[in-house]
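Trainee: Supplied in structure tokens, the structure appears directly below.
The values are calculated or read from the model by the stated rules, or taken from the named source; none is laboratory data. On a predicted model such as this, the values are computed, not experimentally measured, just so you know. Don't worry about glycine lacking a Cβ; one is built from the backbone with ideal geometry, like all the others, and counts go over all protein chains shown. What goes into the accessible areas is simple: the full protein's heavy atoms, side chains included, and nothing from ligands, DNA or RNA. Shrake-Rupley method; radii C 1.70, N 1.55, O 1.52, S 1.80 Å.
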Amino acid sequence: MAAAAAAAAAAWGRLLRGARGAASRRACSSGARARAASAAAQELQSSGRERFVLEHAAPFSAFLMDSFGRQHNYLRISLTEKCNLRCQYCMPEEGVQLTPKSELLTAQEIITLAKLFVKEGVDKIRLTGGEPLIRPDVVEIVGELHKLEGLKTIAVTTNGINLTRLLPRLKEAGLNAINISLDTLVPAKFEFIVRRKGFHKVMEGIHKATELGYHPVKVNCVVMRGFNEDEVLDFVDFTKDLPLDVRFIEYMPFDGNKWNFKKMVSYKEMLDTIKQRWPELEKLPCETSSTAKSYKVPHFQGQISFITSMSEHFCGSCNRLRITADGNLKVCLFGNSEVSLRDHLRSGASEEELIQIIGAAVGRKKKQHAGMFNISRMKNRPMVLIGG
């Protein structure tokens with residue numbers, strides 16, 4: 001049954017891509033997508049197999065579905081390139097060349113693009129950076145996103161430094177999910193990894209989030225050999241009395257972070273270490289599009305997860321798109337292909353034209369990324385300029 005559903009989704013994706021291509025050749029008008037959908041429907045009715053596809057594959061925007069049937073309902077928007085930390089896996093020690101403020105998306109441009117994506121089927125938006133909570137209008141942006149009909153989840157990924165101060169206002173504005181970066185439970189090591197002080201502010205932010213009812217509070221921990229792999233068990237124990245989801249993230253290569261395969265600790269190695277301490281560790285079910293493999297120690301309040309981008313990629317179920325702070329659309333975190341939505345927006349492109357541009361970019365998305373060794377040799381932005 002699962003195989004049939006997957007085949008149905010793939011067939012629907014191919015047919016919708018054909019509809020998207022036909023639509024792009026027509027004049028950009030309000031009726032273009034309707035004609036494309038009608039043509040796709042007629043084609044689907046041409047055989048019994050295609051009728052099965054029509055009955056079992058949920059319709060989704062042709063412009064946010066790629067040629068492999070992946071439906072992109074999750075958008076990550078970077079609010080800023082700036083950050084108040086200098087994490088070793090994210091940014092070169094000397095910092096990065098920042099984009100002039102005039103070339104970054106304004107709050108209104110962010111909302112305009114978000115509204116467009118939500119109309120096409122996006123139901124989750126995550127605000128990233130840099131550090132999104134250093135943007136002065138972040139609460140107002142969350143409030144405007146909260147008004148978008150059809151948007152179910154507004155999330156933020158933060159380093160936690162400013163979280164305690166801002167979280168009550170963010171929650172009131174509509175923020176309903178949160179990820180906090182924390183790579184060590186040792187204050188001195190924290191300063192070494194992030195090259196700044198602030199450990200106690202991050203811990204205070206984690207506890208504030210649990211107090212305000214965020215459940216779970218996701219804690220992102222990038223595991224690096226020689227840095228913090230000796231704390232994996234301590235992080236698992238951190239979930240005993242708090243409703244946390246500690247997410248162990250495999251070290252990934254980005255421009256300027258001096259990636260080295262020997263620094264990467266695979267999820268299987270971490271899992272083996274954890275099972276030696278907690279052999280009763282339980283595997284949890286997960287959504288098809290989830291990037292995480294989740295587990296739980298029985299009777300612990302929280303859980304743990306593994307983000308296995310390097311050792312076991314999850315490209316086949318990827319449902320994510322990214323907009324950088326300077327307005328570029330990235331259809332793959334590890335791909336260096338980008339399309340400037342900012343430039344088209346500022347040149348007066350209509351909504352239909354923007355949809356066509358987005359659809360074309362999604363349609364070019366590859367089946368999977370190039371693999372860990374090829375990725376390390378590819379030119380890509382530093383993580384801080386992509387937006388997580």
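Trainee: Under 5 Å between amide H atoms, partner at least 5 residues away or on a different chain: which partners does GLN303 have, H built in plane at 1.01 Å?
Mentor: Residues meeting the criterion, in which the H sits 1.01 Å from N, are LEU244, ASP245, VAL246.
Trainee: Taking the Cα-to-Cβ direction at LEU185 and at THR153 and moving 7 Å from each Cα, how far apart do the two end points lie in nm?
Mentor: 2.6 nm
Trainee: Carbon and sulfur: what percent of the stretch 279-332's accessible surface (1.4 Å probe)?
Mentor: Taking all protein chains in place, the stretch 279-332 shows 53 percent carbon and sulfur surface.
Trainee: Starting from the Cα of LYS171, draw a straight line to each of the aspartates and glutamates and keep only those under 15 Å, dropping any in the same chain fewer than 8 residues away.
Mentor: Filter leaves ASP137, GLU140, GLU144, GLU211.
Trainee: Still on this model: List every residue whose amide H lies under 5 Å from the amide H of ASN220, counting only residues 5 or more places away in sequence or on a different chain, with H placed 1.01 Å from N in the peptide plane.
Mentor: Close amide H contacts, sequence-distant or interchain: ILE180, SER181, LEU182, ARG247.
Trainee: Give me the Debye-computed log₁₀ of I(q)/I(0) at q = 0.14 Å⁻¹ for the stretch 119-185, equal point scatterers on Cα only, no solvent, two decimals.
Mentor: -0.40
Trainee: Could you report the stretch 127-254's accessible area per residue, 1.4 Å probe, as an integer in Å²?
Mentor: Here the residues of the stretch 127-254 average 40 Å² of exposed surface.
Trainee: If packing is taken as the average number of other Cβ atoms within 10 Å across a peptide's residues, how do 124-130, 166-172 rank, most packed first?
Mentor: 124-130, 166-172
Trainee: Where nothing but the Cβ of Lys and Arg (+1) and of Asp and Glu (-1) is charged, how large is the charge dipole of the stretch 90-205 around its Cα centre, in debye to the nearest 20?
Mentor: With only Lys, Arg, Asp and Glu charged at Cβ, the dipole is about 280 debye.
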